[in-house]
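The values are calculated or read from the model by the stated rules, or taken from the named source; none is laboratory data. Computed from a prediction, not measured in an experiment: that's the story for all the values here. Here the Cβ positions follow ideal geometry from the backbone for every residue, glycine too, while neighbour counts run over all protein chains shown.
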Amino acid sequence: MQFYGHIVDGQEVPSLDGATMADVDPYTREPWATIALGGKADADRAVAAAKNAFDNGPWPRMGYEKRQQLMHRLADLMEQNAEELAMADTQDMGKPITQSRHDVARSVLNVRFFADHARMSAGEALPMDTGHHAYTRWEPVGVVAAISPWNFPLMLGTWKVMPALAWGNTVVWKPAEDTPVSATIIGRLAIEAGFPHGVLNVVHGYGPDSAGSALTENPDVKRITFTGESGTGKIISAVASRNLTPVSLELGGKGANIVFDDADLHNAVHWAVEAIFRNAGQVCLAGSRLYVQRGIYEEFMVRYKAAAEALVVGDPKDPATTFSAALASQEHFTKVKGYLQADSLGGGSILTGGLGDGWSVRPTIITNVPHTARVMREEIFGPVTVATAFDTEAEAISLANDTRYGLNAMVFTENLSRAHRVAAQLHAGTVWVNCFFIRDLRAPFGGFGESGIGREGGNFSRDFMTEPKAVVMQIDPA
Ligand code: NAD
(Lines give C-alpha, C1' and ligand atoms only; values in the text may rest on other atoms or scores of the structure.)
Protein backbone atom coordinates (compact mmCIF):
# COMPACT_ATOMS: atom_id res chain seq x y z
CA MET A 1 0.00 0.00 0.00
CA GLN A 2 1.42 3.37 -0.95
CA PHE A 3 2.45 5.79 1.81
CA TYR A 4 1.48 9.45 1.76
CA GLY A 5 3.40 11.68 4.16
CA HIS A 6 3.23 15.24 5.40
CA ILE A 7 4.90 17.89 3.27
CA VAL A 8 7.12 20.06 5.46
CA ASP A 9 9.83 22.45 4.37
CA GLY A 10 10.03 21.01 0.88
CA GLN A 11 10.26 17.36 2.01
CA GLU A 12 7.75 14.54 2.29
CA VAL A 13 8.12 13.28 5.85
CA PRO A 14 6.54 10.80 8.28
CA SER A 15 5.01 11.92 11.56
CA LEU A 16 7.48 12.80 14.30
CA ASP A 17 6.27 9.81 16.34
CA GLY A 18 5.94 7.56 13.28
CA ALA A 19 2.15 7.23 13.63
CA THR A 20 0.10 6.29 10.56
CA MET A 21 -3.56 5.79 9.70
CA ALA A 22 -5.27 3.54 7.17
CA ASP A 23 -7.08 5.35 4.36
CA VAL A 24 -10.29 3.48 3.56
CA ASP A 25 -11.98 3.39 0.15
CA PRO A 26 -15.69 3.67 1.08
CA TYR A 27 -16.82 1.68 -1.96
CA THR A 28 -14.63 -1.40 -1.32
CA ARG A 29 -14.61 -0.68 2.44
CA GLU A 30 -10.92 -1.71 2.39
CA PRO A 31 -7.81 0.37 3.16
CA TRP A 32 -6.07 1.48 -0.03
CA ALA A 33 -3.29 3.77 1.28
CA THR A 34 -1.30 4.49 4.44
CA ILE A 35 -1.21 8.08 5.67
CA ALA A 36 1.10 9.83 8.11
CA LEU A 37 -1.03 10.61 11.16
CA GLY A 38 0.02 13.97 12.53
CA GLY A 39 -0.65 15.57 15.88
CA LYS A 40 0.18 18.84 17.58
CA ALA A 41 3.94 18.41 17.23
CA ASP A 42 3.60 17.81 13.47
CA ALA A 43 1.33 20.84 13.05
CA ASP A 44 3.75 23.02 15.02
CA ARG A 45 6.66 21.75 12.93
CA ALA A 46 4.79 22.69 9.74
CA VAL A 47 3.90 26.15 11.08
CA ALA A 48 7.55 26.73 12.05
CA ALA A 49 8.64 25.79 8.51
CA ALA A 50 6.03 28.11 7.00
CA LYS A 51 7.02 30.95 9.31
CA ASN A 52 10.69 30.54 8.47
CA ALA A 53 9.86 30.52 4.75
CA PHE A 54 7.83 33.70 5.19
CA ASP A 55 10.35 35.54 7.37
CA ASN A 56 13.53 34.50 5.60
CA GLY A 57 12.64 32.93 2.25
CA PRO A 58 12.08 34.46 -1.18
CA TRP A 59 8.33 33.83 -1.59
CA PRO A 60 6.84 37.03 -0.08
CA ARG A 61 9.56 39.12 -1.73
CA MET A 62 9.83 37.60 -5.19
CA GLY A 63 6.92 39.62 -6.61
CA TYR A 64 3.64 38.74 -8.21
CA GLU A 65 5.01 37.74 -11.59
CA LYS A 66 7.44 35.10 -10.33
CA ARG A 67 4.80 33.66 -8.00
CA GLN A 68 2.37 33.60 -10.90
CA GLN A 69 4.87 31.67 -13.03
CA LEU A 70 5.49 29.08 -10.31
CA MET A 71 1.78 28.65 -9.70
CA HIS A 72 1.13 28.13 -13.41
CA ARG A 73 3.91 25.52 -13.42
CA LEU A 74 2.09 23.77 -10.58
CA ALA A 75 -1.16 23.95 -12.58
CA ASP A 76 0.63 22.44 -15.61
CA LEU A 77 1.85 19.56 -13.43
CA MET A 78 -1.65 19.05 -12.05
CA GLU A 79 -2.93 18.70 -15.61
CA GLN A 80 -0.16 16.21 -16.39
CA ASN A 81 -1.11 14.21 -13.28
CA ALA A 82 -4.86 14.75 -13.54
CA GLU A 83 -5.82 11.08 -13.50
CA GLU A 84 -3.80 10.33 -10.36
CA LEU A 85 -5.42 13.31 -8.61
CA ALA A 86 -8.92 12.35 -9.76
CA MET A 87 -8.50 8.73 -8.69
CA ALA A 88 -7.20 9.85 -5.28
CA ASP A 89 -10.42 11.75 -4.51
CA THR A 90 -12.57 8.95 -5.94
CA GLN A 91 -10.89 6.29 -3.80
CA ASP A 92 -10.83 8.53 -0.75
CA MET A 93 -14.51 9.47 -0.74
CA GLY A 94 -16.38 7.49 -3.40
CA LYS A 95 -17.01 10.38 -5.78
CA PRO A 96 -17.75 9.14 -9.34
CA ILE A 97 -14.56 9.39 -11.39
CA THR A 98 -16.16 11.66 -14.01
CA GLN A 99 -16.97 14.15 -11.23
CA SER A 100 -13.45 13.88 -9.79
CA ARG A 101 -12.04 14.68 -13.23
CA HIS A 102 -14.26 17.74 -13.32
CA ASP A 103 -13.00 18.71 -9.84
CA VAL A 104 -9.39 18.44 -11.00
CA ALA A 105 -10.08 20.78 -13.92
CA ARG A 106 -11.77 23.23 -11.55
CA SER A 107 -8.83 22.93 -9.10
CA VAL A 108 -6.41 23.77 -11.89
CA LEU A 109 -8.55 26.84 -12.54
CA ASN A 110 -8.29 27.76 -8.83
CA VAL A 111 -4.50 27.80 -9.17
CA ARG A 112 -4.41 29.76 -12.43
CA PHE A 113 -7.20 32.16 -11.47
CA PHE A 114 -5.72 33.27 -8.14
CA ALA A 115 -2.19 33.51 -9.60
CA ASP A 116 -3.49 35.79 -12.36
CA HIS A 117 -5.88 37.70 -10.11
CA ALA A 118 -3.11 38.73 -7.72
CA ARG A 119 -0.79 39.63 -10.58
CA MET A 120 -3.42 41.84 -12.23
CA SER A 121 -5.00 43.41 -9.16
CA ALA A 122 -4.82 47.14 -8.74
CA GLY A 123 -5.01 49.14 -5.55
CA GLU A 124 -6.66 52.55 -5.27
CA ALA A 125 -4.87 55.87 -5.71
CA LEU A 126 -6.72 58.69 -3.92
CA PRO A 127 -5.75 62.24 -4.92
CA MET A 128 -6.28 64.47 -1.88
CA ASP A 129 -7.11 68.18 -1.73
CA THR A 130 -4.34 68.75 0.78
CA GLY A 131 -1.40 68.27 -1.59
CA HIS A 132 -1.05 64.59 -0.70
CA HIS A 133 -2.16 61.35 -2.25
CA ALA A 134 -3.04 58.08 -0.60
CA TYR A 135 -2.76 54.65 -2.11
CA THR A 136 -3.38 51.04 -1.09
CA ARG A 137 -0.87 48.23 -0.73
CA TRP A 138 -1.85 44.61 -0.09
CA GLU A 139 0.72 43.17 2.30
CA PRO A 140 0.95 39.41 2.86
CA VAL A 141 0.08 38.40 6.41
CA GLY A 142 2.44 35.49 7.10
CA VAL A 143 1.39 31.91 7.77
CA VAL A 144 -2.13 30.93 6.67
CA ALA A 145 -3.75 27.73 7.96
CA ALA A 146 -6.16 26.15 5.47
CA ILE A 147 -8.43 23.48 6.97
CA SER A 148 -10.59 21.70 4.42
CA PRO A 149 -13.43 19.13 4.41
CA TRP A 150 -13.77 15.77 2.67
CA ASN A 151 -16.56 16.43 0.17
CA PHE A 152 -14.47 18.21 -2.49
CA PRO A 153 -10.99 17.41 -1.19
CA LEU A 154 -8.91 18.88 -3.99
CA MET A 155 -11.27 21.59 -5.17
CA LEU A 156 -11.95 23.15 -1.77
CA GLY A 157 -8.34 22.73 -0.62
CA THR A 158 -6.98 24.61 -3.63
CA TRP A 159 -9.75 27.21 -3.30
CA LYS A 160 -8.29 28.13 0.10
CA VAL A 161 -4.57 27.52 -0.43
CA MET A 162 -4.09 29.25 -3.78
CA PRO A 163 -5.24 32.80 -2.94
CA ALA A 164 -3.13 32.64 0.22
CA LEU A 165 -0.05 31.76 -1.84
CA ALA A 166 -0.75 34.18 -4.67
CA TRP A 167 -0.75 37.09 -2.22
CA GLY A 168 2.68 36.12 -0.89
CA ASN A 169 1.76 34.13 2.22
CA THR A 170 3.04 30.72 3.21
CA VAL A 171 0.57 27.95 3.99
CA VAL A 172 -0.07 24.95 6.17
CA TRP A 173 -2.90 22.91 4.67
CA LYS A 174 -4.70 20.30 6.74
CA PRO A 175 -7.00 18.24 4.56
CA ALA A 176 -9.79 16.17 6.11
CA GLU A 177 -8.64 12.91 7.68
CA ASP A 178 -10.91 10.90 5.34
CA THR A 179 -9.50 12.42 2.16
CA PRO A 180 -5.79 13.11 2.60
CA VAL A 181 -4.15 11.80 -0.57
CA SER A 182 -4.73 14.57 -3.11
CA ALA A 183 -3.20 17.13 -0.71
CA THR A 184 0.06 15.17 -0.48
CA ILE A 185 0.11 14.87 -4.27
CA ILE A 186 -0.28 18.66 -4.58
CA GLY A 187 2.57 19.10 -2.08
CA ARG A 188 4.79 16.78 -4.14
CA LEU A 189 3.91 18.66 -7.33
CA ALA A 190 4.68 22.02 -5.70
CA ILE A 191 8.15 20.73 -4.84
CA GLU A 192 8.57 19.51 -8.43
CA ALA A 193 7.37 22.88 -9.74
CA GLY A 194 10.19 24.58 -7.82
CA PHE A 195 8.28 26.24 -4.99
CA PRO A 196 10.75 27.46 -2.33
CA HIS A 197 10.90 25.16 0.68
CA GLY A 198 8.33 25.76 3.39
CA VAL A 199 5.93 27.76 1.20
CA LEU A 200 3.29 25.02 0.86
CA ASN A 201 3.17 22.57 3.75
CA VAL A 202 0.64 19.78 4.26
CA VAL A 203 -0.09 18.20 7.62
CA HIS A 204 -2.41 15.22 8.05
CA GLY A 205 -4.40 14.32 11.12
CA TYR A 206 -7.71 14.69 12.91
CA GLY A 207 -9.38 17.93 13.96
CA PRO A 208 -10.13 18.05 17.70
CA ASP A 209 -7.13 17.63 20.05
CA SER A 210 -4.94 16.90 17.07
CA ALA A 211 -3.27 18.56 14.09
CA GLY A 212 -6.35 20.64 13.27
CA SER A 213 -6.86 22.23 16.68
CA ALA A 214 -3.09 22.78 17.03
CA LEU A 215 -3.15 24.95 13.91
CA THR A 216 -6.00 27.05 15.26
CA GLU A 217 -4.16 27.58 18.58
CA ASN A 218 -0.77 28.51 17.15
CA PRO A 219 -0.02 32.25 17.54
CA ASP A 220 2.25 32.16 14.48
CA VAL A 221 -0.78 31.42 12.30
CA LYS A 222 -2.06 34.78 11.04
CA ARG A 223 -5.18 33.68 9.17
CA ILE A 224 -7.41 30.61 9.38
CA THR A 225 -9.49 29.73 6.35
CA PHE A 226 -11.83 26.87 7.22
CA THR A 227 -14.52 24.94 5.39
CA GLY A 228 -16.57 22.40 7.30
CA GLU A 229 -19.48 21.97 9.66
CA SER A 230 -21.08 24.93 11.40
CA GLY A 231 -20.40 23.35 14.81
CA THR A 232 -16.70 23.02 14.01
CA GLY A 233 -16.66 26.60 12.75
CA LYS A 234 -17.95 27.84 16.10
CA ILE A 235 -15.20 25.95 17.95
CA ILE A 236 -12.50 27.26 15.62
CA SER A 237 -13.80 30.80 15.90
CA ALA A 238 -13.69 30.61 19.71
CA VAL A 239 -10.15 29.20 19.77
CA ALA A 240 -8.85 31.66 17.17
CA SER A 241 -10.23 34.62 19.11
CA ARG A 242 -7.68 33.96 21.88
CA ASN A 243 -4.94 35.12 19.51
CA LEU A 244 -7.23 37.55 17.63
CA THR A 245 -6.56 35.46 14.53
CA PRO A 246 -9.00 36.41 11.75
CA VAL A 247 -11.09 33.52 10.47
CA SER A 248 -12.93 32.90 7.23
CA LEU A 249 -15.59 30.26 7.81
CA GLU A 250 -17.41 28.46 4.98
CA LEU A 251 -19.92 26.28 6.79
CA GLY A 252 -23.01 24.16 6.36
CA GLY A 253 -26.18 24.76 4.39
CA LYS A 254 -29.77 23.70 3.82
CA GLY A 255 -30.36 25.22 0.41
CA ALA A 256 -33.89 26.01 -0.77
CA ASN A 257 -34.80 25.27 -4.37
CA ILE A 258 -37.96 27.16 -5.41
CA VAL A 259 -39.75 26.17 -8.61
CA PHE A 260 -42.54 28.52 -9.76
CA ASP A 261 -45.35 27.36 -12.00
CA ASP A 262 -43.98 29.39 -14.94
CA ALA A 263 -40.60 27.62 -14.84
CA ASP A 264 -39.09 25.72 -17.75
CA LEU A 265 -39.89 22.30 -16.23
CA HIS A 266 -37.27 20.36 -18.16
CA ASN A 267 -34.54 22.73 -16.95
CA ALA A 268 -35.89 22.85 -13.39
CA VAL A 269 -36.02 19.05 -13.07
CA HIS A 270 -32.51 18.71 -14.48
CA TRP A 271 -31.06 21.14 -11.93
CA ALA A 272 -33.19 19.83 -9.05
CA VAL A 273 -31.57 16.43 -9.64
CA GLU A 274 -28.07 17.92 -9.91
CA ALA A 275 -28.65 20.07 -6.84
CA ILE A 276 -29.15 17.18 -4.45
CA PHE A 277 -27.85 14.02 -6.10
CA ARG A 278 -24.53 15.27 -7.49
CA ASN A 279 -21.75 14.01 -5.20
CA ALA A 280 -24.54 12.05 -3.45
CA GLY A 281 -25.78 15.25 -1.82
CA GLN A 282 -22.51 15.65 0.08
CA VAL A 283 -22.44 19.27 -1.00
CA CYS A 284 -22.74 22.32 1.23
CA LEU A 285 -24.66 23.99 -1.60
CA ALA A 286 -27.09 21.12 -2.03
CA GLY A 287 -30.67 22.04 -2.89
CA SER A 288 -31.97 19.84 -0.10
CA ARG A 289 -35.32 21.63 0.42
CA LEU A 290 -37.43 21.63 -2.72
CA TYR A 291 -40.44 23.98 -2.88
CA VAL A 292 -42.68 23.55 -5.94
CA GLN A 293 -45.71 25.73 -6.72
CA ARG A 294 -48.90 23.76 -6.26
CA GLY A 295 -50.22 23.98 -9.86
CA ILE A 296 -47.22 22.04 -11.23
CA TYR A 297 -46.35 20.02 -8.12
CA GLU A 298 -47.76 16.66 -9.27
CA GLU A 299 -46.29 16.81 -12.76
CA PHE A 300 -42.95 18.03 -11.42
CA MET A 301 -42.73 15.21 -8.90
CA VAL A 302 -43.47 12.55 -11.52
CA ARG A 303 -40.62 13.84 -13.67
CA TYR A 304 -38.30 14.42 -10.71
CA LYS A 305 -38.82 10.90 -9.35
CA ALA A 306 -38.20 9.39 -12.79
CA ALA A 307 -34.99 11.41 -13.22
CA ALA A 308 -33.75 10.39 -9.76
CA GLU A 309 -34.42 6.73 -10.50
CA ALA A 310 -32.63 7.01 -13.86
CA LEU A 311 -29.29 7.86 -12.22
CA VAL A 312 -26.72 5.12 -12.78
CA VAL A 313 -25.75 3.80 -9.35
CA GLY A 314 -22.47 1.91 -9.32
CA ASP A 315 -18.73 1.64 -8.77
CA PRO A 316 -17.37 5.20 -8.53
CA LYS A 317 -14.32 4.19 -10.59
CA ASP A 318 -16.55 3.24 -13.53
CA PRO A 319 -17.02 6.25 -15.89
CA ALA A 320 -20.59 5.08 -16.58
CA THR A 321 -21.55 5.68 -12.94
CA THR A 322 -23.44 8.92 -12.31
CA PHE A 323 -24.31 8.21 -8.68
CA SER A 324 -21.84 6.56 -6.34
CA ALA A 325 -22.80 3.37 -4.53
CA ALA A 326 -21.00 4.67 -1.43
CA LEU A 327 -21.13 7.67 0.87
CA ALA A 328 -17.78 9.03 1.98
CA SER A 329 -17.24 6.93 5.11
CA GLN A 330 -18.95 4.51 7.47
CA GLU A 331 -19.36 7.28 10.04
CA HIS A 332 -21.07 9.52 7.50
CA PHE A 333 -23.27 6.69 6.19
CA THR A 334 -24.44 6.02 9.75
CA LYS A 335 -25.33 9.70 10.18
CA VAL A 336 -27.33 9.90 6.92
CA LYS A 337 -29.03 6.58 7.65
CA GLY A 338 -30.27 8.07 10.93
CA TYR A 339 -32.20 10.71 8.99
CA LEU A 340 -34.25 8.02 7.26
CA GLN A 341 -35.69 6.77 10.58
CA ALA A 342 -39.28 7.62 11.53
CA ASP A 343 -38.38 10.12 14.27
CA SER A 344 -36.38 12.22 11.79
CA LEU A 345 -39.02 12.09 9.07
CA GLY A 346 -41.69 13.50 11.39
CA GLY A 347 -44.46 11.69 9.50
CA GLY A 348 -43.01 12.33 6.03
CA SER A 349 -42.99 9.49 3.51
CA ILE A 350 -40.21 8.23 1.26
CA LEU A 351 -41.37 8.58 -2.36
CA THR A 352 -38.27 6.87 -3.75
CA GLY A 353 -34.82 5.84 -2.52
CA GLY A 354 -33.73 4.61 0.88
CA LEU A 355 -30.76 2.53 1.90
CA GLY A 356 -28.61 0.82 -0.72
CA ASP A 357 -25.79 -1.72 -0.53
CA GLY A 358 -22.72 -1.23 1.66
CA TRP A 359 -22.39 2.35 2.86
CA SER A 360 -24.78 3.74 0.27
CA VAL A 361 -28.04 5.65 0.26
CA ARG A 362 -29.97 5.72 -3.02
CA PRO A 363 -31.33 8.99 -4.46
CA THR A 364 -34.09 9.71 -1.96
CA ILE A 365 -37.11 12.02 -2.16
CA ILE A 366 -39.28 12.59 0.91
CA THR A 367 -42.73 14.20 0.75
CA ASN A 368 -45.36 15.41 3.23
CA VAL A 369 -42.73 16.55 5.70
CA PRO A 370 -43.80 19.00 8.41
CA HIS A 371 -41.68 22.12 8.63
CA THR A 372 -40.50 21.14 12.10
CA ALA A 373 -39.15 17.69 11.15
CA ARG A 374 -35.42 17.08 11.56
CA VAL A 375 -35.04 16.21 7.88
CA MET A 376 -36.41 19.65 7.07
CA ARG A 377 -34.36 21.61 9.64
CA GLU A 378 -30.96 19.91 9.73
CA GLU A 379 -28.21 19.51 7.17
CA ILE A 380 -28.30 15.83 6.16
CA PHE A 381 -25.36 16.08 3.76
CA GLY A 382 -26.61 13.11 1.78
CA PRO A 383 -28.77 12.35 -1.27
CA VAL A 384 -32.04 13.23 0.43
CA THR A 385 -34.50 15.93 -0.73
CA VAL A 386 -37.60 17.04 1.14
CA ALA A 387 -40.27 18.26 -1.28
CA THR A 388 -43.14 20.61 -0.37
CA ALA A 389 -45.87 22.39 -2.36
CA PHE A 390 -46.46 26.14 -1.92
CA ASP A 391 -49.08 28.58 -3.17
CA THR A 392 -47.72 32.13 -3.29
CA GLU A 393 -44.42 33.88 -3.89
CA ALA A 394 -44.47 35.34 -0.39
CA GLU A 395 -45.01 31.89 1.11
CA ALA A 396 -42.10 30.45 -0.87
CA ILE A 397 -39.75 33.21 0.30
CA SER A 398 -40.87 32.78 3.89
CA LEU A 399 -40.37 28.99 3.81
CA ALA A 400 -36.97 29.32 2.13
CA ASN A 401 -35.74 31.85 4.69
CA ASP A 402 -36.95 29.85 7.68
CA THR A 403 -33.58 28.23 8.37
CA ARG A 404 -30.56 28.94 10.54
CA TYR A 405 -28.39 28.53 7.46
CA GLY A 406 -28.08 30.87 4.49
CA LEU A 407 -25.52 29.57 2.05
CA ASN A 408 -27.46 29.41 -1.19
CA ALA A 409 -30.85 29.16 -2.87
CA MET A 410 -32.20 28.46 -6.34
CA VAL A 411 -35.14 30.04 -8.15
CA PHE A 412 -36.74 28.65 -11.29
CA THR A 413 -39.05 31.03 -13.15
CA GLU A 414 -39.39 32.52 -16.62
CA ASN A 415 -40.69 35.78 -15.10
CA LEU A 416 -37.81 38.26 -15.11
CA SER A 417 -39.26 40.60 -12.50
CA ARG A 418 -40.06 37.74 -10.16
CA ALA A 419 -36.55 36.32 -10.56
CA HIS A 420 -34.90 39.56 -9.40
CA ARG A 421 -37.54 40.30 -6.77
CA VAL A 422 -37.21 36.88 -5.14
CA ALA A 423 -33.40 36.74 -5.44
CA ALA A 424 -33.19 40.02 -3.54
CA GLN A 425 -35.32 38.72 -0.68
CA LEU A 426 -33.66 35.36 -0.11
CA HIS A 427 -31.28 35.16 2.84
CA ALA A 428 -28.47 33.41 1.03
CA GLY A 429 -24.89 34.13 0.03
CA THR A 430 -25.52 32.87 -3.50
CA VAL A 431 -28.80 32.75 -5.43
CA TRP A 432 -28.90 30.82 -8.68
CA VAL A 433 -31.70 31.64 -11.12
CA ASN A 434 -32.58 28.87 -13.59
CA CYS A 435 -29.27 27.12 -12.92
CA PHE A 436 -27.12 25.66 -10.14
CA PHE A 437 -23.43 25.37 -9.20
CA ILE A 438 -22.26 27.87 -11.83
CA ARG A 439 -19.43 29.95 -10.36
CA ASP A 440 -17.47 33.02 -11.30
CA LEU A 441 -14.35 32.94 -9.14
CA ARG A 442 -14.44 36.74 -8.83
CA ALA A 443 -17.85 36.65 -7.12
CA PRO A 444 -18.25 36.57 -3.33
CA PHE A 445 -18.70 33.06 -1.96
CA GLY A 446 -19.94 32.45 1.59
CA GLY A 447 -23.05 32.35 3.67
CA PHE A 448 -25.51 34.20 5.87
CA GLY A 449 -26.29 33.04 9.41
CA GLU A 450 -24.77 29.73 10.48
CA SER A 451 -23.42 29.17 6.97
CA GLY A 452 -20.37 31.19 7.78
CA ILE A 453 -18.39 34.33 8.37
CA GLY A 454 -16.75 36.28 5.56
CA ARG A 455 -16.55 35.76 1.84
CA GLU A 456 -13.91 34.24 -0.42
CA GLY A 457 -13.30 34.64 -4.16
CA GLY A 458 -11.53 37.36 -6.16
CA ASN A 459 -11.07 40.56 -4.15
CA PHE A 460 -12.82 38.97 -1.16
CA SER A 461 -10.00 36.43 -0.87
CA ARG A 462 -7.47 39.23 -1.32
CA ASP A 463 -9.00 41.25 1.51
CA PHE A 464 -8.84 38.26 3.86
CA MET A 465 -5.41 36.99 2.85
CA THR A 466 -3.66 40.38 3.11
CA GLU A 467 -3.24 43.32 5.43
CA PRO A 468 -4.48 46.23 3.32
CA LYS A 469 -2.24 49.22 4.01
CA ALA A 470 -2.81 52.92 3.32
CA VAL A 471 0.27 54.92 2.33
CA VAL A 472 -0.18 58.70 2.43
CA MET A 473 2.45 60.79 0.70
CA GLN A 474 2.99 64.51 0.54
CA ILE A 475 3.38 65.76 -3.01
CA ASP A 476 3.88 69.49 -2.40
CA PRO A 477 5.31 70.85 0.85
CA ALA A 478 2.61 72.91 2.60
P1 NAD B 1 -15.83 18.98 9.70
O2 NAD B 1 -16.16 20.29 10.34
O3 NAD B 1 -16.06 17.74 10.47
O4 NAD B 1 -14.27 18.93 9.30
C5 NAD B 1 -13.71 19.85 8.41
C6 NAD B 1 -12.22 19.95 8.67
O7 NAD B 1 -12.03 20.50 9.98
C8 NAD B 1 -11.48 18.60 8.69
O9 NAD B 1 -10.21 18.79 8.10
C10 NAD B 1 -11.38 18.30 10.18
O11 NAD B 1 -10.30 17.45 10.49
C12 NAD B 1 -11.17 19.68 10.74
N13 NAD B 1 -11.56 19.85 12.15
C14 NAD B 1 -12.56 19.23 12.81
N15 NAD B 1 -12.60 19.67 14.09
C16 NAD B 1 -11.62 20.60 14.22
C17 NAD B 1 -11.16 21.42 15.30
N18 NAD B 1 -11.72 21.38 16.51
N19 NAD B 1 -10.13 22.26 15.07
C20 NAD B 1 -9.55 22.32 13.85
N21 NAD B 1 -9.92 21.56 12.80
C22 NAD B 1 -10.96 20.72 12.98
O23 NAD B 1 -16.59 18.97 8.32
P24 NAD B 1 -16.66 17.78 7.25
O25 NAD B 1 -17.56 16.72 7.80
O26 NAD B 1 -15.29 17.42 6.80
O27 NAD B 1 -17.38 18.51 6.03
C28 NAD B 1 -18.76 18.58 5.87
C29 NAD B 1 -19.27 19.94 6.28
O30 NAD B 1 -18.60 20.95 5.55
C31 NAD B 1 -20.74 20.13 5.98
O32 NAD B 1 -21.36 20.79 7.06
C33 NAD B 1 -20.74 21.04 4.77
O34 NAD B 1 -21.89 21.82 4.58
C35 NAD B 1 -19.55 21.88 5.03
N36 NAD B 1 -19.06 22.47 3.79
C37 NAD B 1 -19.19 23.81 3.60
C38 NAD B 1 -18.77 24.39 2.41
C39 NAD B 1 -18.90 25.86 2.16
O40 NAD B 1 -18.26 26.33 1.25
N41 NAD B 1 -19.70 26.59 2.92
C42 NAD B 1 -18.21 23.58 1.43
C43 NAD B 1 -18.09 22.21 1.66
C44 NAD B 1 -18.51 21.67 2.85
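Structure above, values below:
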read-out	value
Members of the stretch 190-213 found to be within 11 Å of the ligand (Cβ to nearest atom) and buried (at least 24 other Cβ atoms within 10 Å of the Cβ), listed by number	VAL203, HIS204, GLY205, ALA211, GLY212
Tabulated pairs, the stretch 163-176, first within 19 Å of ASP55 (Cα to Cα), second assigned to a loop (DSSP other than H, G, I, E, B) and within 16 Å of the ligand (Cβ to nearest atom), C-beta under 8 angstrom, 6+ apart or interchain	VAL172/VAL203; TRP173/SER148; TRP173/VAL203
Evaluation of PHE436 against (1) hydrophobic (A, V, I, L, M, F, W, C); (2) outside any loop (DSSP other than H, G, I, E, B); (3) touching a strand residue (DSSP E or B) at 6+ places or on another chain (Cβ under 8 Å) (one fails), failing number	(2)
Qualifying residue in the stretch 287-300 (condition: over 15 Å from THR367 (Cβ atoms), under 22 Å from the mean Cα position of the chain (by Cα) and buried (at least 18 other Cβ atoms within 10 Å of the Cβ))	yes
Selection within the stretch 233-265 - away from the ligand (no atom under 15 Å from the Cβ) and free of Cβ contacts under 8 Å to residues at least 12 places away in the same chain	LEU244
Qualifying residues in the stretch 124-152 (those that are more than 14 Å from the ligand (Cβ to nearest atom), surrounded by 13 or more Cβ atoms within 10 Å (Cβ to Cβ) and hydroxyl-bearing (Ser, Thr, Tyr)) - the one nearest to PHE381 (Cα to Cα)	THR136
Among residues of the stretch 416-433, those that are out of contact with any helix residue (DSSP H, G or I) (no Cβ under 9 Å at 6 or more places or on another chain) and part of a strand (DSSP E or B), counted	1
Qualifying residue in the stretch 311-324 (condition: in a loop (DSSP other than H, G, I, E, B) and modelled with pLDDT under 95)	no
Search result, residues across the stretch 106-147 that are among the acidic types (Asp, Glu) and without any contact (Cβ under 8 Å) to a residue 40 or more places away in the chain	GLU124, ASP129
Any chance HIS133 is farther than 21 Å from ALA214 by Cβ and touching a Gly at 6+ places or on another chain (Cβ under 8 Å)	no
Per-region count, the stretch 26-58, residues crowded, with 23+ Cβ neighbours inside 10 Å and over 25 Å from the mean Cα position of the chain (by Cα)	3
Every residue from the stretch 439-478 that is among the charged types (D, E, K, R) and either in a helix (DSSP H, G or I) or away from the ligand (no atom under 16 Å from the Cβ) (or both)	ARG442, GLU450, ARG462, ASP463, GLU467, LYS469, ASP476
Test result for ARG73, under 27 Å from PHE113 (Cβ atoms), in contact (Cβ under 8 Å) with a residue 40 or more places away in the chain, among the basic types (Lys, Arg) and out of contact with any Cys (no Cβ under 7 Å at 6 or more places or on another chain)	yes
Scan of the stretch 156-180 for residues that are crowded, with 24+ Cβ neighbours inside 10 Å and more than 10 Å from the ligand (Cβ to nearest atom), ordered by number	THR158, VAL161, MET162, PRO163, ALA164, LEU165, ALA166, TRP167, ASN169, THR170, VAL171, VAL172
The stretch 447-463, residues that are in contact with a helix residue (DSSP H, G or I) (Cβ under 8 Å, 6 or more places away or on another chain) and buried (at least 21 other Cβ atoms within 10 Å of the Cβ)	GLU450, SER451, GLY452, GLU456, SER461
Hey, ALA280 in a helix (DSSP H, G or I), modelled with pLDDT of 95 or more, away from the ligand (no atom under 16 Å from the Cβ) and out of contact with any helix residue (DSSP H, G or I) (no Cβ under 6 Å at 6 or more places or on another chain) or not	no
